[in-house]
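Peer 1: Take a look at this one; I'll ask things after.
The values are calculated or read from the model by the stated rules, or taken from the named source; none is laboratory data. Note that this is a predicted model, so its numbers are computed, not measured. Note that each Cβ is placed from the backbone with ideal geometry, even for glycine, and that neighbours are counted across all protein chains shown. These accessible areas exclude ligands, DNA and RNA; they are computed on the full protein's heavy atoms, side chains included. Shrake-Rupley method; radii C 1.70, N 1.55, O 1.52, S 1.80 Å.
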Amino acid sequence: MIAKRLLGIALAALAMFIWGFVYWAGIGSKLRPYKTLPTETESAVVAELKTGAIETNVYAIPGMPESGATKEANDAWTERSKEGPLVNITYVKEGKDPMAPSMMIKGFLHMLVTASALTVLLIVASDRLPSYGKRVLYVGFIGLIAGFWVDVGQIVWMYNPLNNALFHFGYSFSGILIGGLVLAAFVKKPTSGP
């Protein structure tokens, strides 16, 4: 039974990994949830970032006051936020190859851990999920909750545009659902033995 579940986890992770390519290269290239700055603007922003002593990290503009800041500092931040613009930047100073083998390995491991966690949840609920369809529905609902919490929450807390958040939500939900389509065949309701 353990070997069968481990096979299910590996196949689910592989299905999720392949789906990632389909979603991002196929659907993503059509929907374009990320906008491109005009070349001159991008060049100016990149040149400015390179000249500063900025380390790889995530930055927000306007920058939030430090913990314990004065009321005046917090009020000034609130005013700058109201004036805009609001910017969130994931800054990687040294650059990266987006298709590097190490990136693909990390991505597969991410999906392997996700498939493992979904398997644990299926095992815990297996007494109440007697059919394949109910197991798929269960995992799909987990994907719905995860995508809603993380991706749709970005609209509220990070001011992400609706189209961007929904694109990410679609990926989160569908990726977990695809993992569930595979796992539901491997994690079944235990049969009562003699």
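Peer 1: Are there chymotrypsin sites (Phe, Trp or Tyr not before Pro) in the stretch 14-117 that DSSP puts in a loop and that have at most 15 other Cβ atoms within 10 Å, and which ones?
Peer 2: Numbers: sites: 17, 19, 21, 23, 24, 34, 59, 77, 91, 108; in loops: 34.
Passing sites in the stretch 14-117 are 34.
Peer 1: A further question follows. Which whole-Hz couplings ³J(HN,Hα) result when phi for each residue of the stretch 82-90 is put into the Karplus expression 6.51 cos²θ - 1.76 cosθ + 1.60, θ = phi - 60°, listed in order with x for Gly and Pro?
Peer 2: Once rounded to whole Hz, the list reads 5, 6, x, x, 9, 9, 10, 10, 9.
Peer 1: Ignoring ligands, DNA and RNA, please state the percent of accessible area on the chain from carbon and sulfur, probe 1.4 Å.
Peer 2: Carbon and sulfur: 69 percent of the exposed surface of the chain.
Peer 1: Just to check I understand the Karplus step: with θ = phi - 60° and J = 6.51 cos²θ - 1.76 cosθ + 1.60, what whole-Hz values come out for the stretch 8-24, glycine and proline as x?
Peer 2: x, 4, 4, 5, 5, 4, 5, 4, 5, 5, 5, 4, x, 5, 4, 5, 6
Peer 1: What's the longest uninterrupted piece of the chain once you rule out the GluC sites (Glu not before Pro) that are loop residues per DSSP with at most 14 other Cβ within 10 Å? Kindly include the intermediate steps, with their values, before the conclusion.
Peer 2: Numbers: sites that count: 55, 66, 94.
The longest such stretch corresponds to 95-194.
Peer 1: At 222 nm, what value in deg cm²/dmol follows for the chain if DSSP H runs of at least 4 each add -39500 (n - 2.57) and the sum is divided by all its residues, to the nearest 500?
Peer 2: For the chain, the value works out to -20500 deg cm²/dmol.
Peer 1: Continuing with the same structure: Compute the accessible area per residue over the stretch 110-161, keeping the other protein chains in place, probe 1.4 Å, unit Å².
Peer 2: 64
Peer 1: May I pose another question? Taking 8 Å as the Cα distance limit and 6 or more residues as the minimum spacing, I'd like the relative contact order of the chain as a percentage.
Peer 2: That works out to 35 percent.
Peer 1: What would the Debye formula give as log10 I(q)/I(0) at q = 0.09, 0.11 Å⁻¹ for the alpha-carbon point model of the chain, no solvent?
Peer 2: Debye curve over Cα of the chain, log10 I(q)/I(0) at q = 0.09, 0.11 Å⁻¹: -0.50, -0.70.
Peer 1: What stretch of the chain, leaving out the sites themselves, is the longest with no trypsin sites (Lys or Arg not before Pro) in a DSSP loop having at most 12 other Cβ atoms within 10 Å?
Peer 2: Within the chain, the longest run free of exposed trypsin sites (Lys or Arg not before Pro) spans 97-194.
Peer 1: Can you return the lysines within cross-link range of residue 188? Criterion is Cα-Cα under 18 Å, with same-chain partners fewer than 8 residues away left out.
Peer 2: Leaving aside lysines fewer than 8 places away in the same chain, those within reach of residue 188 are 4, 134.
Peer 1: I've got another one for you. Once phi is turned into θ = phi - 60°, what whole-Hz ³J(HN,Hα) does the Karplus curve with 6.51, -1.76 and 1.60 give for every residue of the stretch 54-61, x standing for Gly and Pro?
Peer 2: Listing the rounded values in order: 9, 9, 4, 4, 10, 10, 10, 10 Hz.
Peer 1: Any chance you could check the Cα centroid distance between the stretch 73-129 and the stretch 14-42 for me, in angstrom?
Peer 2: After rounding, the separation between the Cα centres reads 16 Å.
Peer 1: Here's a follow-up. May I ask you to list the aspartates and glutamates whose Cα is less than 19 Å away from that of residue 189, ignoring any residue fewer than eight positions away on the same chain?
Peer 2: Output for residue 189: 127.
Peer 1: Need the full-extension length gain, residue 73 to residue 11, defined as separation in residues times 0.36 nm minus the C-alpha distance. One decimal, nm.
Peer 2: Result: 17.1 nm gained on full extension.
Peer 1: What number, in nm² with one decimal, is the all-direction average of the projected area of the convex hull of the alpha-carbon atoms of the stretch 1-92?
Peer 2: That works out to 11.4 nm², a quarter of the Cα hull's surface.
Peer 1: I need the Kirkwood Rh of the stretch 78-165: take the reciprocal of the average 1/r across all distinct C-alpha pairs and report it in angstrom. List each step's numbers first, then the result.
Peer 2: Values: mean 1/r = 0.0596 Å⁻¹.
Roughly 16.8 Å, rounded to one decimal.
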